[in-house]
Amino acid sequence: MLKRILGSYSQGRPGPLLICTVGLHGNEWAGVEALQLLLAMLEDELVANPSFEFFGKLVAIAGNIPALKIKQRYVNCDLNRIWNQRNFENPGNEVEFGEMVKVKQVIDDLILEWGGENIYLFDLHTTTAEGGIFLLPTLEEQSISIAKTMHAPIIIGLVEKLNGTMVKYYAEKQDADITALVFEAGQHDDPLSVNRTIAAVINCIRTIGSVAPDDIDNRFEQLLIDYARDLPVMARFLHGHHIAPDDGFVMKPGYKNFDPISRGEVLAQDRYGSIKSDFSGMILMPLYQNKGDDGFFIIEKIQ
Ligand SMILES: [Zn+2]
């Protein structure tokens, strides 16, 4: 049985609140496994290292539990595209609206408990395509500076273009000071996606001051450094291809994240014909599953 709150860790010392969300998409189990392992590691840390100090609190929250059970992206609709006021006031009957209300309640209660300040939201995902780990910070300075500690490519401007994501909702929340960002840890079923997620969360708790820099296991960090060696440091959003349900969208096979593409290149087909790129750049998150509203994104390397 998967619980909404997968676990939490605190030593009762003041400090930041870090909320990690995993499995907003039900086929992304790597994040769930990673947070379960990390919470167990934190519990053990005090046994091996009695002087280990943790400031603030880490809470891991499971997203779309019904979709996780069937290992599919979603049951009725994408849980990470429906976070807006209209849906809070009048949630539909779809499974995901119920999940959104439950996740939001847990997070809102935590924010309230913490007094609305010194709060971080780290939303953890994996992708269908191979070839990429990356961070999606908001345009907020603190979000970008946390992203910079991860050794992985940073994509600027994508969070702002995706409507109805949980991270965008909390980043824009007016009555609380929340720094939010997204990490994509690699391919859904790659076992190393679990380790890379652990590394990213450890980097995050170090950066926000929950632990002393040398006080926690660094062995996973090299995985991020090795993986991102040939990837861009920073890129910016250029274009996103949105799919309507009856488009019959099929991505051309073989694309990996960060593959270079040229203007005019045929990227996919749908019932209207070939979909050609209007830009030269790199491809991100090409859709190779039958569920999803975004066919692909095009980004441009800036560093
Ligand atoms: Zn996802």
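Worth a mention:
- Pair list, Cβ under 9 Å, 6 or more apart: region 243-255 residue assigned by TED's automatic domain parsing to the domain that holds residue 274 and free of Cβ contacts under 8 Å to residues at least 60 places away in the same chain, other residue assigned to a loop (DSSP other than H, G, I, E, B) and among the small types (Gly, Ala, Ser): 243/292; 249/292; 251/129
Quick grid of which residues meet (1) within 16 Å of the ligand (Cβ to nearest atom); (2) β-branched (Val, Ile, Thr):
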residue: 130; (1), (2): yes, no
residue: 133; (1), (2): yes, yes
residue: 149; (1), (2): no, yes
residue: 153; (1), (2): no, no
residue: 176; (1), (2): no, no
residue: 180; (1), (2): yes, no
residue: 186; (1), (2): yes, no
residue: 191; (1), (2): no, no
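- Only listed residue being touching an Asp or Glu at 6+ places or on another chain (Cβ under 7 Å), of a type in the set (Ser, Thr, Tyr) and either in contact (Cβ under 8 Å) with a residue 24 or more places away in the chain or in the same structural domain as residue 257 (by TED's automatic domain parsing) (or both), chosen from 149, 138, 165, 179: 179
- Any hit, region 218-239, residues being surrounded by fewer than 23 Cβ atoms within 10 Å (Cβ to Cβ) and of a type in the set (S, T, N, Q): yes
- Here residue 138 clears all of (1) within 16 Å of the ligand (Cβ to nearest atom); (2) buried (at least 18 other Cβ atoms within 10 Å of the Cβ) except the condition numbered (1).
- Each residue in region 62-89 was checked for being over 18 Å from residue 173 (Cα atoms), part of a loop (DSSP other than H, G, I, E, B) and hydrophobic (A, V, I, L, M, F, W, C), and 3 of them qualify.
- Filter result (touching a Ser or Thr at 6+ places or on another chain (Cβ under 7 Å) and of a type in the set (A, V, I, L, M, F, W, C)) within region 4-59: 18, 30, 34, 54, 55, 58, 59
- Residue check for residue 72: among the polar types (S, T, N, Q) and within 16 Å of the ligand (Cβ to nearest atom): yes
- Whenever a residue of region 18-43 is within 28 Å of residue 177 (Cβ to Cβ) and more than 12 Å from the ligand (Cβ to nearest atom), it has no partner that is modelled with pLDDT under 95 and among the basic types (Lys, Arg) lying with C-beta atoms less than 8 angstrom away and at least six residues away or across chains.
The values are calculated or read from the model by the stated rules, or taken from the named source; none is laboratory data. Computed from a predicted model, the values in this text were never measured in an experiment. For neighbour counting, all protein chains shown are included, and Cβ atoms are generated from backbone atoms with ideal geometry for every residue, glycine included.
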